[in-house]
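The values are calculated or read from the model by the stated rules, or taken from the named source; none is laboratory data. Note that the structure is a prediction, hence the values are computed from the model and not measured. Quick reminder, even Gly has a Cβ in these numbers, built from the backbone with ideal geometry, and neighbours come from all protein chains shown.
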């Protein structure tokens, strides 16, 4: 793990977002950039491979702002699994190389083009589409490709609202009609999507069975997920055991299973689904296939579906996207949806990627 002597850390709290952020002391790299600066810095890759092998922190010239564009100073950007897949060249879309990493983040507008009327300097914005490359200090973007967010939302929270919370919302609303008292089951429950699912399900009075890997501070992770509203939190091994079956024997069989991992845990989730239940796969962190016993397809009529937020955004109207985005913003602003983050100074990006491989239950976010 990165030596703390080189980059001290501290826990910060606030009334609304208490116990949600792990913030590093700011350095000179966090200063505000003026619009007369001519260059920025960013993590760029020119070929596909592991992030450590192909990413380079490079300086680049800032292009002039055209009529329908905005110049932004990027404030923070998280590392999502999809970011890694894109750099590796294994994602559903390919980047036009060379490209900057980072599909998500929050930025401050520092200049606007002559035709821009809905965005002003000083606004905070987040990406409205993927592939904009937010692992950099500055970007010139089309005004239609960003959305304004309230500046009252802490930077590290705003950086994470465009991908994981919308994914959790769609998983709960688009596949199975759920009512109070219903059960769902999910793996990868300590991810930001998993934690968002727990909180959103709690608001719906839907019960959650949450599966996590038994590593690191397992007992504390269980406690934290229960604090968020998780009803049952178990390890992958316990989930496969006869003891778990006895634990849930009097509960309604889950209607919905959410799979972010694949492999054996996904198979076991199918085994506990009720008749007519649905397994939705939205990730494959184990890089193992989803294997389903034939008998459950035939006799229990289990449905297998997939979800990709990028495709959802492509297929739905601007009004639908705006409504979803507002719903997420309202939940985060009100404190009903808490996004737990761990921030790293952008200049220590290599150590940040090392931290990414260690046990944790917070989203890792670069602070620029």
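Here are a few things to note about the model shown:
- Of all residues in the stretch 226-249, those satisfying the criterion of being in a helix (DSSP H, G or I) and under 27 Å from the mean Cα position of the chain (by Cα) are 226, 227, 228, 236, 237, 238, 239.
- Of the residues making up the stretch 46-79, not one is outside any loop (DSSP other than H, G, I, E, B), free of Cβ contacts under 8 Å to residues at least 60 places away in the same chain and within 14 Å of residue 113 (Cα to Cα).
- Qualifying residue in the stretch 98-111 (condition: closer than 21 Å to residue 158 by Cα, at pLDDT 95 or above, over 25 Å from the mean Cα position of the chain (by Cα) and part of a strand (DSSP E or B)): yes
- Condition met for residue 177 (in the same structural domain as residue 279 (by TED's automatic domain parsing), without any contact (Cβ under 8 Å) to a residue 40 or more places away in the chain, part of a loop (DSSP other than H, G, I, E, B) and under 26 Å from residue 163 (Cα atoms)): yes
- Qualifying residue in the stretch 257-266 (condition: farther than 20 Å from residue 171 by Cβ and either assigned to a loop (DSSP other than H, G, I, E, B) or at pLDDT below 95 (or both)): yes
- Residues within the stretch 190-216 that are surrounded by fewer than 17 Cβ atoms within 10 Å (Cβ to Cβ) and closer than 17 Å to residue 363 by Cβ, tallied: 1
This table checks each residue for (1) surrounded by fewer than 20 Cβ atoms within 10 Å (Cβ to Cβ); (2) in the same structural domain as residue 53 (by TED's automatic domain parsing); (3) in a helix (DSSP H, G or I); (4) at pLDDT 95 or above.
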{"site": "297", "(1), (2), (3), (4)": "yes, no, yes, no"}
{"site": "321", "(1), (2), (3), (4)": "yes, no, yes, yes"}
{"site": "326", "(1), (2), (3), (4)": "yes, no, yes, yes"}
{"site": "330", "(1), (2), (3), (4)": "yes, no, yes, yes"}
{"site": "348", "(1), (2), (3), (4)": "yes, yes, yes, no"}
{"site": "351", "(1), (2), (3), (4)": "yes, yes, yes, no"}
{"site": "354", "(1), (2), (3), (4)": "yes, yes, yes, no"}
{"site": "361", "(1), (2), (3), (4)": "yes, yes, no, no"}
